[in-house]
Amino acid sequence: MRDAPRIPDMQAQNPAIELRGLTKTFGPVVANDRINLAVRQGEILALLGENGSGKTTLMNMLSGIYRPDSGEIFVQGRPVDIRAPGDAIALGIGMIHQHFKLVDVLTAMENIVLGTRDDHQATRRALEQRIREISRRFGLDVTPEKKIYNMAVGEKQTVEILKVLYRGARILILDEPTAVLTPQEADRLFDILRHMKADGCAVIIITHKLGEVMAIADRITILRKGASVATVEKAATTVRELTELMVGRPLDLAIHRPPVDDPKRLLDVFSLTVLNAERVPALRDVTFSLRGGEVLGVAGVAGSGQRELCETIAGLMDKEEGAILFHGKNIEGKTPRQIIEMGISMSFIPEDRLGMGLVGAMGIVDNLLLKDYQKGRGPFVRRAPARARAKEMIARLGIVTPDTRTPVRRLSGGNVQKVLLGREIASGPELLITAYPVRGLDIHSSYTIYDLINEQKRKGVGVLFIGEDLDVLLELCDRILVLCGGEVTGIVRPQETTKAQLGLMMTGSLRQETGVGA
């Protein structure tokens, strides 16, 4: 790996925000170790790093959630003391979180002004006029009177951006901003960020998507194990070099797709309709099949029925209409225990890892025992075999943990996901259902997950892969089912479609014939 390019002296370039020697510890853990970072006015800086590298902690200090143990923060050349989020806002620093903090029943305008002095003092006409002025200035498109619950994901994110701009923010931090956006919505967001850059704003974007970094960033700062290892100019680096800086060694960036050899039909879903808690259809007339040794991807904007699809097949939700057949056996209306008693081996890795998947207060051994303790023949649980399996799984998957007894809630997101996936795979399933298995994971952990999925595919396991990164879906999956508003808008082969077409299907603007392998 060649040496990272030298960066000019930032102080001479009038940085909007500068960190000098910022350090934060939690007991014996050093989350940030003497971090130096600067962002110029009119610049987009990308912040990269593996899970646990200290990105979130660093941004939490900038936004006033944490206070540094040592080091200094400068805003517009002045040393500042950020003790609370209100201090950050007063200094013109605004953070846009990955999970939106909006009140669904209120309008865009009400969410934007909520908690400000204008909330009760200004007239609605004056508020609306000011919001429209900010929107025009930064190229935003929002309807002030529209309710949040009627908005698409991209519109909600625009409201979040308007919230911080309305409060006078000139330094913006965006955490995984494209995680749930379609390609078209992501392109629109990048246009907004370019408007902000042109207006002199300083933008920090935290993302795991290296392709997006290369598309939007001016410079990139890489963190590894709590320390800043390099800051590079985008024009003078490559995706491979960034990956090597993040991980500390070369990494194969290819996502392999082993061929499907004469697969047999494993799962058949016919005309499935499922109602949510409000008795509104979450899935409407969904039909598809999954074959052994095949990875069927599921794409869709957030809330398109992905969760209901997984949980209904796994026996956690009841259907309203339709049929679910596994090797020709009807499993509709069966509980997970009844499905197991039918001799069907199915593993479900839910989106909520520590809510539905694992017990956070338990260690790896006890979480492994939860899967098969009922198979025991006596009143006592045999812990030795589970302990041996836990040690084998830690070594094989590279799980970073002090020991097998450490509560899994203390592990990083990538390690929690490895524990969950390792446990489910160890049960030898014929069908593996996995929802957003790499969400929030760094590139190294993500590729470990992809390799595990392909390993199961080679064994003839059918994999239902709910994903949000369209590039990954196109590289990893044999076919992709697209959901929009609970309906199937296409079942396509990656070799015969594009990311743009998937994005149009995700919004219902395009429908494809669904007969491919159905």
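The values are calculated or read from the model by the stated rules, or taken from the named source; none is laboratory data. Just so it is clear, the structure is predicted and the values come from calculations on it, not from any experiment. Neighbour counts run over all protein chains shown; Cβ positions are idealised from the backbone, glycine included.
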ask   = So, in the range 216-232, of the ones that are modelled with pLDDT of 90 or more and outside any strand (DSSP E or B), which residue ends up nearest to Gln157 (Cα to Cα)?
value = Ile216
message = If I filter the range 97-116 for residues that are out of contact with any Phe, Trp or Tyr (no Cβ under 6 Å at 6 or more places or on another chain), under 17 Å from Ala202 (Cα atoms) and modelled with pLDDT under 90, do I get at least one hit?
response = yes
ask   = Could you say which residue among Glu176, Glu212, Glu233, Glu241 is in contact (Cβ under 8 Å) with a residue 12 or more places away in the chain and on the phi > 0 side of the Ramachandran plot?
value = Glu176
query = When you look at Gly211, is it surrounded by fewer than 23 Cβ atoms within 10 Å (Cβ to Cβ), more than 22 Å from Leu474 (Cα to Cα) and not basic (Lys, Arg), yes or no?
reply = no
task = Please name all residue pairs, on different chains or six or more residues apart, with Cβ atoms under 6 Å, provided the first residue is in the range 33-61 and is closer than 17 Å to Ala217 by Cα and at pLDDT 90 or above and the second residue is outside any helix (DSSP H, G or I) and of a type in the set (Ser, Thr, Tyr).
result = Leu37/Thr221; Leu47/Thr221
query = Out of the range 145-169, which residues are farther than 14 Å from Ile192 by Cα and either in a loop (DSSP other than H, G, I, E, B) or in contact with an Asp or Glu (Cβ under 8 Å, 6 or more places away or on another chain) (or both)?
reply = Glu145, Lys146, Lys147, Ile148, Tyr149, Met151, Ala152, Val153, Arg167, Gly168, Ala169
request  = Would you be able to say whether some residue in the range 233-253 is surrounded by 21 or more Cβ atoms within 10 Å (Cβ to Cβ), in a loop (DSSP other than H, G, I, E, B) and within 22 Å of the chain's Cα centre (by Cα)?
outcome  = no
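Can you go through Ile82, Ile73 and tell me which one is assigned to a strand (DSSP E or B) and closer than 24 Å to Tyr166 by Cα?
None of the others qualify; the one that does is Ile73.
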key: Subset of the range 349-359 (residues that are assigned to a loop (DSSP other than H, G, I, E, B) and either at pLDDT 90 or above or within 21 Å of Gly398 (Cβ to Cβ) (or both))   = Leu358
task = For the range 101-142, name all the residues that are crowded, with 17+ Cβ neighbours inside 10 Å and in a loop (DSSP other than H, G, I, E, B).
result = Leu102, Leu140, Val142
ask   = Is it the case that the range 317-335 has a residue that's of a type in the set (A, V, I, L, M), within 22 Å of Cys477 (Cβ to Cβ) and part of a loop (DSSP other than H, G, I, E, B)?
value = no
